[in-house]
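This report refers to the structure that appears directly beneath it.
The values are calculated or read from the model by the stated rules, or taken from the named source; none is laboratory data. These figures come from a predicted structure and were not determined experimentally. Please note: Cβ atoms are built from the backbone with ideal geometry, for glycine as well, and neighbour counts cover all protein chains shown.
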Amino acid sequence: MKKWLDQVLTAGWAYDGGTALQGKELLLTTTMGGKLADYQPTGAQGHTVAEFLLPLTVTGEYVGMKLLPPFTVDNTVDITDSQLAAAAQRYHQLLLTP
C-alpha cells in the first residue's frame, strides 16, 4: 500500500496541478478478524471502521476522488466457507455494478 501511495500520489499528477485521479471512484475494501459490533465507539476497538479508514478517505478527497462506501468483511477469524463464498459473491457483484 505504501509503495502505491508513494508512486501514485505525486505532485503534478494526482494533486498540485495534476488531476489524474479526479472523479475516479475509490472503493476501500478491508477484512477484520473481529465482529462489526467491535468497531463502534463503545466496542472492543473503540472506533468505527470509517474512523480506521479516515486517512485513506481524506487522501482520496484531497485528490478529488469519488468515495464509495467501503466494502468490509468482518469476523474473518470464525468465517465459514459459505460465509466467505457469500462475501466473495457480494464483492464480485459490487465490482460489476457501474
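Quick one: would you say residue 63 is modelled with pLDDT of 95 or more and touching a Ser or Thr at 6+ places or on another chain (Cβ under 7 Å)?
Numbers: modelled with pLDDT of 95 or more: yes; touching a Ser or Thr at 6+ places or on another chain (Cβ under 7 Å): no.
So residue 63 fails the test.
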> Mind checking whether some residue in segment 16-32 is surrounded by 15 or more Cβ atoms within 10 Å (Cβ to Cβ), out of contact with any helix residue (DSSP H, G or I) (no Cβ under 7 Å at 6 or more places or on another chain) and charged (D, E, K, R)?
Replying inline: no
> Taking segment 33-45 only, how many residues are closer than 14 Å to residue 73 by Cβ, surrounded by fewer than 14 Cβ atoms within 10 Å (Cβ to Cβ) and in contact with a helix residue (DSSP H, G or I) (Cβ under 8 Å, 6 or more places away or on another chain)?
Replying inline: 0
>> I need every pair where a residue in segment 43-56 that is over 17 Å from residue 69 (Cβ atoms) has its Cβ under 8 Å from the Cβ of a residue that is hydrophobic (A, V, I, L, M, F, W, C), sequence separation at least 6 or different chains.
In response: 43/37; 45/52
>> So for segment 61-79 (the condition being touching a residue at least 40 places away in the same chain (Cβ under 8 Å), at positive phi, out of contact with any helix residue (DSSP H, G or I) (no Cβ under 9 Å at 6 or more places or on another chain) and surrounded by 13 or more Cβ atoms within 10 Å (Cβ to Cβ)), does at least one residue qualify?
In response: yes
> So which helices (runs of 4 or more DSSP H) are wholly in the chain and hold at least 1 residues that are among the β-branched types (Val, Ile, Thr)?
Replying inline: 2-8, 49-62
